[in-house]
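Asks: Quick one: the structure is below, and I'll ask about it shortly.
The values are calculated or read from the model by the stated rules, or taken from the named source; none is laboratory data. Bear in mind the structure is a predicted one, so any value in this text is a computation, not a measurement. Cβ: placed from backbone, ideal geometry, glycine included. Neighbour counts: every protein chain shown. Calculation scope for accessible area: heavy atoms of the full protein, side chains included, ligands and nucleic acids excluded. Shrake-Rupley method; radii C 1.70, N 1.55, O 1.52, S 1.80 Å.
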Amino acid sequence: MNNGGAEAAIAPVGGSQPLEWKFSQVFGERTAGEEVQEVDIISAIEFDRSGDHLATGDRGGRVVLFERTDTRDHVGHRRDLERMDYPINRHPEFRYKTEFQSHEPEFDYLKSLEIEEKINKIRWCQSANGALFLLSTNDKTIKFWKVQEKKVKKVCDMNMDSTKAMGNGPIVGSNISTSSKQYIANGGCTSNEFSFPTGGFSSLQLPVVTSHETNLMARCRRIYAHAHDYHINSISNNSDGETFISADDLRINLWNLEISNQSFNIVDVKPANMEDLTEVITSAEFHPTHCNMLAYSSSKGSIRLIDMRQSALCDTHSKLFEEQEAPSSRSFFTEIIASISDIKFAKDGRHILSRDYMTLKLWDINMDSGPVATFQVHEYLRPKLCDLYENDSIFDKFECCLSGDGLRVATGSYSNLFRVFGCSEGSTEATTLEASKNPMRRQSQTSSRPSRSLGSLSGVVRRVKGADNSGVDANGNAFDFTTKLLHLAWHPTENSLACAASNSLYMYYA
Amino acid sequence: MSMAEEPLYPIAVLIDELKNDDIQLRLNSIRRLSTIARALGEERTRKELIPFLSENNDDDDEVLLAMAEELGVFIPYVGGVEHAHVLLPPLETLCTVEETCVRDKAVESLCRIGSQMRENDLVEWFIPLVKRLAAGEWFTARVSACGLFHIAYPSAPEMLKTELRSIYSQLCQDDMPMVRRSAASNLGKFAATVESAHLKADIMQIFEDLTQDDQDSVRLLAVEGCAALGKLLEPPDCVAHILPVIVNFSQDKSWRVRYMVANQLYELCEAVGPEPTRMDLVPAYVRLLRDNEAEVRIAAAGKVTKFCRILSPELAIQHILPCVKELSSDSSQHVRSALASVIMGMAPVLGKDATIEQLLPIFLSLLKDEFPDVRLNIISKLDQVNQVIGIDLLSQSLLPAIVELAEDRHWRVRLAIIEYIPLLASQLGVGFFDDKLGALCMQWMQDKVYSIRDAAANNLKRLAEEFGPEWAMQHIIPQVLEMVNNSHYLYRMTILRAISLLAPVMESEITCSKLLPVVINASKDRVPNIKFNVAKVLQSLIPIVDQSVVEKTIRPCLVELGEDPDVDVRYFANQALQSIDHVMMSS
């Protein structure tokens, strides 16, 4: 765990100055007026640990992989890569690498439930031998994928002249495979009767593979199924490289990557009587370096830190982080907006970032009295909670992320906006950006917006009611509750962000 | 292209299929690699087949796994031990793949080959391979390297030995936990080949580093190393180096580490000798028996007998027995169950007095446990206590427990107890059995669950074997035959089943006079299922009874059934008739 001193030492380098964000790339950009297909909407984004690869999952159950192009030339020693420290001067650029269908829609006949193919989460695993490994999950089933370059085979110099032996077709491989099965049995018999000459048969020759083209192949190596009664909301790898957890609304299970037919339940918050249920698990993550520690968040706005060393069933937490709302400001929505939609450990392992509906909170795991910092994400929406409740937007689950150096945090909002805050001491950085080719477009307006909209608060409420939820605020800015930026990820080593706006993936750098 | 010799055709196909698109065919070819090698001859196997296989490293994992396995026994096909080194390159490649089972198999095969190689070949080929893997770019190679040191080390010259030891120590500090885990789990094997001077210095240093690893999963494996290293060291060294570590581990923050200690502790007692055991290990073990975590108590409870066997009876009574008493009322049923499965073994260790005074109350409370597994575990090991405390004392408390289990709500529990009945019968003797258990055995014949009825029928047969036909004639046969008139056909079928099982055990005279008439009578049943089962039973009786009985009684009955309106009845009747003819012909 890094101490405060180390952080302070980094801070002056680039911490206090607000970052100037620039557009880098977009994948799957929509042309004007183009209808978005539901299946194309991105539902998960994740960088791998080196930052050389990026994966997105979508509602159609597909996983798309991107690879970094600007560091290709200094991919040097593998050991260096494993340590993940190498200098880079340019901003990250990615290109499409491959995609595969990870999940298909299914039907659970026992429970009469449709299981969507939508990818809820993707997590990268340790790569090896140039093959990439990742876990992807939908509501019920986790899959372990291996993506690897395979040689495209072109076999020649066969022993059997296929045209003669089979009588048709010059394509050797497929012909033999269909018609030669009978000879396997024969081969088995004759080999025993045969007396092999000491020099062997000179007429036999080994097939020769001529083509050395390669092709990317994704193979599903393992399927971890039937362990969750409720919907899986998170998966997270352990730093020991051999285990991972999956969390649903009420339970967290521990798996070994190599064993798909059993898992251990380590957290179970299901009450004996479901009517007593007041709180569900919303997100869970392992500590980045301490293999025994994991954190999970709840719908009541608390984060629990558990130590797996203490007991096999971790129903008692070792630390609890929550902030009590002042009783005066309580309202009907207090509990709903307190629900945490995502938590992330900072790379140093000392801080946890959490996102609830209105705020981002940064917690120090050594301080359970309250968050060390709270960032208002879209305070101007507070007067509109009633509308947001009526159209269910209040239940949207926004993700959050931290920069690799832990100096900044980011999260999404509506109208394809996302916000970046500085969290180093004394930083006032609070940038609003739009997921478009011109990210800074909104900044001047939004920075001044909160005070103005708060000033005409009553007007807003009246207008919205009168205008039948037109979604226009006091400034005449349209709020589009349908274009929400739920998913985004920060590059592990650089100031680079990947954001999903509907079906498009926008990349920015600073 | 000319495939001259016809007999070569299958082998040619086999070779071609090494590169087939169908994975099953490729797998088949790889499994028959030895055939291919013999057909090619030793020289071409070395020069062509092996290099060919070395390049074949991006195949599917199933094929690679088969290849790794085949190559382990390939020395004869490349021309014997002097050419064994040509097998190393393909296996080296396989040692670096991502799939763990392929790597493990490749390491296993390399060890097998390495242990046959000549010493100078090992130095020339095998040791460089280990060094290459240990310096591998990817963690997979380094993981594999750890499992090869114990083969490479003994034949290395002094300089290389020093180098190998230092490489191993680097692997134990690798960045990747996977590599450290592999190094930790192979440490015992490697240590066994290291000279004792270096063992105390280098290896113990490596071991100490591993025991302080911040990954639980690495420390876990270090615990396993404790016992292995302990056996290599002289007792004083073991006390000095291993004992403090294990005592520390027994109080580790992580329950998984303590769990491992609980499993391994008794092995270490032998290594350190009696005095340190009494001073340090007994208190450590007592702590584990009282651990907060149920999983740890389960592991500790399961070893209680093994641990007590090492101790003197006094120590066991003084220190361990109080814990055992506590565990017998543990809040976790799994702890009680683990205890119940081993506690009977303590009786011979403690002797008769202590057993009756201390252990018996624990048995009895476990026998009344609310959790059926606990009771079953006790009953299944009864023979061990029987010898010590005698049957009278035991049977008084045993019977209620058995009766309760026999009527348990869960049929699997009833099934388990039925399966112990013959064992109990042999231990408790005829007298006890007649009084108490006979009725239960008949009751099971009318259980609602088929598996229970089936097991009950089998049970009768085993009892008849145990106590002899005469006893069975008195205590089983009449009761069974009485039930043949049960109004439910499923129960009547159970009786037929019992008869077919009992018949071979009973004498043929009893079979003919008592059993056969009942079966013949049942052929008049109104339910076809009964009738075709009669046919089946009759068929099973044919070899047992006298030829004349077959002709006089069985055949007419079968002929009649052969004209039954029901097709299944006719089918089985004809089957039986055919087997009569068959027996006649062969005799």
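Asks: Can you run down the residue pairs with Cβ atoms below 7 Å, 6 or more apart or on separate chains, where the first is in the range B:166-177 and acidic (D, E) and the partner is surrounded by 15 or more Cβ atoms within 10 Å (Cβ to Cβ)?
Replies: B:D174/B:R142; B:D174/B:R180; B:D175/A:E82
Asks: Right, something else. Looking at (1) more than 23 Å from A:K151 (Cβ to Cβ); (2) surrounded by fewer than 17 Cβ atoms within 10 Å (Cβ to Cβ); (3) within 11 Å of chain A (Cβ to nearest Cβ), can you tell me which one B:E55 breaks?
Replies: (1)
Asks: For the range B:6-21, name all the residues that are facing another protein chain (nearest Cβ under 7 Å), at pLDDT below 80 and open to solvent by 40 Å² or more (accessible area, probe 1.4 Å).
Replies: B:P7
Asks: Take the range B:251-293 and flag every residue that is in contact with a Phe, Trp or Tyr (Cβ under 9 Å, 6 or more places away or on another chain) and within 14 Å of chain A (Cβ to nearest Cβ).
Replies: B:V257, B:R258, B:M260, B:V261, B:A262, B:D291, B:N292, B:E293
Asks: Just need a number here: residues in the range B:145-179 that are more than 33 Å from the chain's Cα centre (by Cα), away from chain A (no Cβ under 14 Å) and not hydrophobic (A, V, I, L, M, F, W, C).
Replies: So the count comes out to 12.
Asks: Within the range A:385-399, track down each residue that is touching an Asp or Glu at 6+ places or on another chain (Cβ under 8 Å) and either of a type in the set (D, E) or more than 23 Å from A:A500 (Cα to Cα) (or both).
Replies: A:E399
Asks: Something else: So B:A39 fits all but one of (1) within 8 Å of another protein chain (Cβ to nearest Cβ); (2) assigned to a helix (DSSP H, G or I); (3) surrounded by fewer than 22 Cβ atoms within 10 Å (Cβ to Cβ); what number is the exception?
Replies: Tallying (1) within 8 Å of another protein chain (Cβ to nearest Cβ); (2) assigned to a helix (DSSP H, G or I); (3) surrounded by fewer than 22 Cβ atoms within 10 Å (Cβ to Cβ), B:A39 fails exactly one: (3).
Asks: Something else now. For B:M159, only one of the following conditions fails: (1) open to solvent by 20 Å² or more (accessible area, probe 1.4 Å); (2) in contact (Cβ under 8 Å) with a residue 24 or more places away in the chain. What is its number?
Replies: (2)
Asks: Among the residues that make up the range A:160-175, is at least one of them crowded, with 18+ Cβ neighbours inside 10 Å and either touching a Leu at 6+ places or on another chain (Cβ under 9 Å) or modelled with pLDDT of 75 or more (or both)?
Replies: Let us first name the residues in the range A:160-175 that are crowded, with 18+ Cβ neighbours inside 10 Å, namely A:160, A:162, A:165, A:172-173, A:175.
Going one step further and asking which of them are either touching a Leu at 6+ places or on another chain (Cβ under 9 Å) or modelled with pLDDT of 75 or more (or both), we end up with none.
So far as the range A:160-175 goes, no, none of its residues is crowded, with 18+ Cβ neighbours inside 10 Å and either touching a Leu at 6+ places or on another chain (Cβ under 9 Å) or modelled with pLDDT of 75 or more (or both).
Asks: Turning to a different aspect of this structure: Within the range B:561-571, how many residues turn out to be open to solvent by 70 Å² or more (accessible area, probe 1.4 Å), under 17 Å from B:D581 (Cβ atoms) and not basic (K, R)? Steps first, please.
Replies: Of all residues in the range B:561-571, those open to solvent by 70 Å² or more (accessible area, probe 1.4 Å) come to B:563, B:565, B:567-568, B:570-571.
The next check asks that each one be under 17 Å from B:D581 (Cβ atoms); those that pass are B:570-571.
Okay, now just the ones that are also not basic (K, R), so B:571.
Within the range B:561-571, residues that are open to solvent by 70 Å² or more (accessible area, probe 1.4 Å), under 17 Å from B:D581 (Cβ atoms) and not basic (K, R) number 1.
Asks: Condition check: within 17 Å of the chain's Cα centre (by Cα), modelled with pLDDT of 80 or more and within 14 Å of chain B (Cβ to nearest Cβ). Does A:F100 satisfy that? Before the answer, list the steps.
Replies: On the way: within 17 Å of the chain's Cα centre (by Cα): yes; modelled with pLDDT of 80 or more: yes; within 14 Å of chain B (Cβ to nearest Cβ): no.
For A:F100, the condition - within 17 Å of the chain's Cα centre (by Cα), modelled with pLDDT of 80 or more and within 14 Å of chain B (Cβ to nearest Cβ) - is not met.
Asks: When the range A:26-45 is examined, which residues are found to be within 17 Å of A:T98 (Cα to Cα) and at pLDDT 90 or above?
Replies: Of everything in the range A:26-45, those that are within 17 Å of A:T98 (Cα to Cα) and at pLDDT 90 or above turn out to be A:V26, A:F27, A:D40, A:I42, A:A44, A:I45.
Asks: Within the range A:416-440, which residues are open to solvent by less than 10 Å² (accessible area, probe 1.4 Å), among the small types (G, A, S) and not in a strand (DSSP E or B)?
Replies: Once the filter is applied, which keeps residues that are open to solvent by less than 10 Å² (accessible area, probe 1.4 Å), among the small types (G, A, S) and not in a strand (DSSP E or B), the range A:416-440 yields only A:A435.
Asks: Of the residues in the range A:223-247, how many are open to solvent by 40 Å² or more (accessible area, probe 1.4 Å) and among the charged types (D, E, K, R)?
Replies: Residues flagged as open to solvent by 40 Å² or more (accessible area, probe 1.4 Å) and among the charged types (D, E, K, R) within the range A:223-247 amount to 2.
Asks: Tell me, which helices (runs of 4 or more DSSP H) lie completely within the range B:437-549 with 3 or more residues that are hydroxyl-bearing (S, T, Y)? Steps first, please.
Replies: Numbers: elements: B:438-444, B:450-467, B:469-475, B:477-482, B:489-502, B:516-522, B:528-541.
Counting at least 3 such residues, we get B:489-502.
For (1) among the basic types (K, R); (2) at pLDDT 90 or above; (3) part of a helix (DSSP H, G or I), each residue gets a yes or a no:
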position: B:N292; (1), (2), (3): no, yes, no
position: B:I298; (1), (2), (3): no, yes, yes
position: B:R309; (1), (2), (3): yes, no, yes
position: B:E326; (1), (2), (3): no, yes, yes
position: B:S329; (1), (2), (3): no, yes, no
position: B:H334; (1), (2), (3): no, yes, yes
position: B:A340; (1), (2), (3): no, yes, yes
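Asks: Go through the range A:367-380 and give me each residue that's outside any loop (DSSP other than H, G, I, E, B) and closer than 30 Å to A:L305 by Cβ.
Replies: Initially, the range A:367-380 is screened for residues outside any loop (DSSP other than H, G, I, E, B), giving A:373-376, A:379-380.
Across the range A:367-380, the qualifying residues are A:A373, A:T374, A:F375, A:Q376, A:E379.
Asks: When you check B:R290 against the structure, is it under 23 Å from B:S341 (Cα atoms), surrounded by 22 or more Cβ atoms within 10 Å (Cβ to Cβ) and not aromatic (F, W, Y), yes or no? It would help to see each step written out before you state the result.
Replies: On the way: under 23 Å from B:S341 (Cα atoms): yes; surrounded by 22 or more Cβ atoms within 10 Å (Cβ to Cβ): no; not aromatic (F, W, Y): yes.
It is false that B:R290 is under 23 Å from B:S341 (Cα atoms), surrounded by 22 or more Cβ atoms within 10 Å (Cβ to Cβ) and not aromatic (F, W, Y).
Asks: Kindly provide the set of residues from the range B:123-144 that are away from every other protein chain (no Cβ under 14 Å) and either open to solvent by less than 10 Å² (accessible area, probe 1.4 Å) or acidic (D, E) (or both), ordered by number.
Replies: Looking only at the range B:123-144, we keep the residues that are away from every other protein chain (no Cβ under 14 Å), and these are B:123-131.
B:E124, B:F126, B:I127, B:L129, B:V130, listed by residue number.
Asks: What pairs come up if the first residue lies in the range B:361-374 and is open to solvent by less than 10 Å² (accessible area, probe 1.4 Å), the second is of a type in the set (S, T, Y), and their beta carbons are under 6 Å apart, counting only those six or more places apart or on different chains?
Replies: B:I362/B:S328; B:L366/B:S328; B:V374/B:S337
Asks: Could you pull out every one of the strands (runs of 3 or more DSSP E) wholly within the range A:88-131 that has 1 or more residues that are farther than 19 Å from A:P492 by Cβ, in contact (Cβ under 8 Å) with a residue 60 or more places away in the chain and β-branched (V, I, T)? Spell out how you get there, then give the answer.
Replies: Numbers: elements: A:94-101, A:106-108, A:113-115, A:121-128.
Because the criterion is at least 1 residues that are farther than 19 Å from A:P492 by Cβ, in contact (Cβ under 8 Å) with a residue 60 or more places away in the chain and β-branched (V, I, T), the strands (runs of 3 or more DSSP E) in the range A:88-131 that meet it are A:94-101.
Asks: Working carefully through the options B:E108, B:E48, B:E82, find the one that is surrounded by fewer than 18 Cβ atoms within 10 Å (Cβ to Cβ), outside any loop (DSSP other than H, G, I, E, B) and within 10 Å of chain A (Cβ to nearest Cβ).
Replies: Values: B:E108 fails: within 10 Å of chain A (Cβ to nearest Cβ); B:E82 fails: within 10 Å of chain A (Cβ to nearest Cβ).
Criteria check complete, one pass: B:E48.
Asks: Quick check on the range B:398-406. Is at least one of its residues crowded, with 21+ Cβ neighbours inside 10 Å, of a type outside the set (S, T, Y) and not in a helix (DSSP H, G or I)?
Replies: No, there is no match, as no residue in the range B:398-406 is crowded, with 21+ Cβ neighbours inside 10 Å, of a type outside the set (S, T, Y) and not in a helix (DSSP H, G or I).
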